[in-house]
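Working notes for the structure below.
Nothing in this text is a laboratory measurement; each read-out follows from the coordinates by a stated rule. Just so it is clear, the structure is predicted and the values come from calculations on it, not from any experiment. Note: ideal-geometry Cβ built from the backbone for every residue, glycine included; neighbour counts use all protein chains shown.
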Amino acid sequence: MALELVTIPCLTDNYAFLLHDAASGQTAVVDVPDAPPILNELKTRGWKLTDILITHHHSDHIQGVYALRAATGAKVWGAAADAHRLPALDVKLDEGSTVTIGAETGTVIDVPGHTIGHIAFHFPESGLAFTADSLMACGCGRLFEGTGAQMWQTLSRLAALPPETVICSGHEYTASNIRFALSLEPDNPMLISRNRRVAAARERGVPTVPSTLSEELATNPFLRASLPQMKVAVGLTDAGDAAVFSEIRARKDRF
């Protein structure tokens, strides 16, 4: 049975995600921007939190960990490479480490770029990938610590997951990301359609996260840096893919 996924808005534009296995009762949360919304959701559903999974060290993803662990006694998992700047970890993770929730096992993927120690969690049976601030809805995270080449490698790895994979990213940035994407591909019909859907969802106050990998492949400019039309759009027809990605990222930073 697939894990149950719950998206929880936190702070101004962050998301946390609950993963629940009905058979065992085990429940994990991915990232903790703020404890109260997560505790409220757990209480509403009658679930007991057992595990806290951290993607990276930025405060808007971990500042609620201390209160949430104190309230629930949940075990905290995070990257071994970032242990010095994360809340105290019960389990330290590396590339290829596994996390088990009920009968399902997820795998840790190193996704440097936004930060050097950023990790993602992939649960293939449920078709879920928790990418936080690496691959985002129609975007990717700023390069605060990594290089363009590192982020391009990260995105290329994530792009190779099954296209039906549900991408659980960390922020409600979709509308602004689409505005930028349209500046590069104004005639992309999938992007135009996505823009309409996202605008309607935001008018209703509905999250636009998660998305699907197939949707990202069709509309996310950062996954499309290898395509001839994207190289033409940024005037780098003879450049390598990583260089084109870096130019797209630089343009987004100025947008």
Need one number: % antiparallel among DSSP beta bridges in the range 77-119, to the nearest 5. 60 percent
Pop a pseudo-label 7 angstrom from the Cα along the beta-carbon direction at both residue 227 and residue 197 and give the gap in nm to one decimal. 1.5 nm
Within the range 6-111, report the trypsin sites (Lys or Arg not before Pro) that DSSP leaves as loop and that have at most 14 other Cβ atoms within 10 Å. 48
Run through the DSSP bridge list for the range 4-221 and note the antiparallel percent, rounded to the nearest 5. 70 percent
Which of the trypsin sites (Lys or Arg not before Pro) across the range 175-255 are loop residues per DSSP, with 11 or fewer other Cβ within 10 Å? 204
Given the range 46-134, what percent of its DSSP beta bridges are antiparallel, to the nearest 5? 65 percent
Distance in Å, no decimals, from the C-alpha centre of the range 140-214 to the one of the range 1-73 is 23 Å
Non-local Lys pairs in the chain, i.e. 8 or more apart or on different chains, that have alpha carbons under 26 Å apart: 5
Considering Cα pairs under 8 angstrom that are at least six residues apart, work out the relative contact order of the range 1-57 and quote it in whole percent. 29 percent
Just how large is the dipole of the chain about the Cα centre, in debye to the nearest 20, putting +1 at every Lys and Arg Cβ and -1 at every Asp and Glu Cβ? 540 debye
Relative contact order for the range 4-221: what is it in percent, counting Cα pairs under 8 Å that are at least 6 residues apart? 15 percent
Quick check for you: which residues of the range 74-106 have the amide N under 15 Å from the point 7 Å beyond the Cα of residue 2 toward its beta carbon? 104
Read through the labelled values [x] 29; [y] 24; [z] 20 and report the label of the one computed as percent of Cα pairs over 32 Å apart from the structure. [z]
Which distance in nm do the two modelled labels at residue 157 and residue 71 give, with both placed 7 Å along the Cα-to-Cβ direction? 3.3 nm
